[in-house]
Amino acid sequence: PHLAYGEQELGRIQANSTSGLSTTTAIAAANSYFAGISPLSLSGVKAVGPNRQILYRNYYARTTGTINGPNYQTTNLGYFFQDLVGGINLFKSGTTTPTLNLGDSVIVLGKIDQFRGLTEIIPDTVGVDIIIVATGRTVTPIVLTMPTFNSNPELYESRLIRMNTLTRRDATPPWPNLGQSANIVVYQGVVTDTIVMRIDSDTPIPGNPEPTYPVNVVGVAGQFTS
């Protein structure tokens, strides 16, 4: 995607492409926006600088993709959705609506932000800026090895991934009971090459018996850094 500026009139901006397409968008607070539908790529709305901070914080963008998991928040909106090139966290504080399901295809208009390394899109008004355009779509996880993931984790952030033959490294913390979460450190062959497998309380996993390792795991790649 490219950042496009256009003519301002009556509080709105119209951006015109050389091919004759145009988009009319409300002026953002910082007068910064991506025109049209923006892919969730590291070269576009999710671009980061050398310090790993996103370059387009507070820019507005219209994005589209498929919901790849549950709402991971209890009192907020916290879904992830992905397109063919990337994924992003759909976040809105203080509301859990609309209810979205795995396989829902959505169009989301919102502000690009970052929280503890996780890139987010935050709609101004959930009832207007989140549109469900299809349901029941298949979301196929990307099969990765741990070295591949750890070599470029930003590429897979907020996307559904699968890792096979994972083994727990540490005996603590205990496997979570119903309503609890736990961060389990796991490895794949090389004990010193690890990731954190977060068992989230908003999934149906807590309260079930801990599996026998090694295990195959499907989940959404997240980030939570200090």
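Is region 74-83 home to any residue that is outside any loop (DSSP other than H, G, I, E, B), in contact with a strand residue (DSSP E or B) (Cβ under 7 Å, 6 or more places away or on another chain), over 19 Å from V128 (Cβ atoms) and among the aromatic types (F, W, Y)? Among the residues of region 74-83, at least one is outside any loop (DSSP other than H, G, I, E, B), in contact with a strand residue (DSSP E or B) (Cβ under 7 Å, 6 or more places away or on another chain), over 19 Å from V128 (Cβ atoms) and among the aromatic types (F, W, Y), which makes the answer yes.
Checked against the criterion of being open to solvent by less than 40 Å² (accessible area, probe 1.4 Å), outside any strand (DSSP E or B) and within 26 Å of L102 (Cα to Cα), region 181-198 has no qualifying residue.
Restricting attention to region 99-120, and to residues there that are touching a helix residue (DSSP H, G or I) at 6+ places or on another chain (Cβ under 9 Å) and open to solvent by less than 10 Å² (accessible area, probe 1.4 Å), which single residue is farthest from N58 (Cα to Cα)? Within region 99-120, the match that is farthest from N58 (Cα to Cα) is V108. Where strands (runs of 3 or more DSSP E) fall wholly inside region 101-148, the ranges with 2 or more residues that are of a type outside the set (A, V, I, L, M, F, W, C) and under 17 Å from P39 (Cβ atoms) are 105-115, 118-122.
Flag: R162 does not match the condition of being basic (K, R), within 27 Å of L42 (Cα to Cα) and assigned to a loop (DSSP other than H, G, I, E, B). One residue alone among R168, R159 is in contact with a Gly (Cβ under 7 Å, 6 or more places away or on another chain) and either surrounded by fewer than 17 Cβ atoms within 10 Å (Cβ to Cβ) or not polar (S, T, N, Q) (or both), and that residue is R159. The single residue among T75, T63, T96 that is exposed (fewer than 13 other Cβ atoms within 10 Å of the Cβ) and at pLDDT 95 or above turns out to be T75.
The values are calculated or read from the model by the stated rules, or taken from the named source; none is laboratory data. Note that this is a predicted model, so its numbers are computed, not measured. Neighbour counts run over all protein chains shown; Cβ positions are idealised from the backbone, glycine included. Remember, those area values only see protein heavy atoms, side chains included, never the ligands or the DNA or RNA. Shrake-Rupley method; radii C 1.70, N 1.55, O 1.52, S 1.80 Å.
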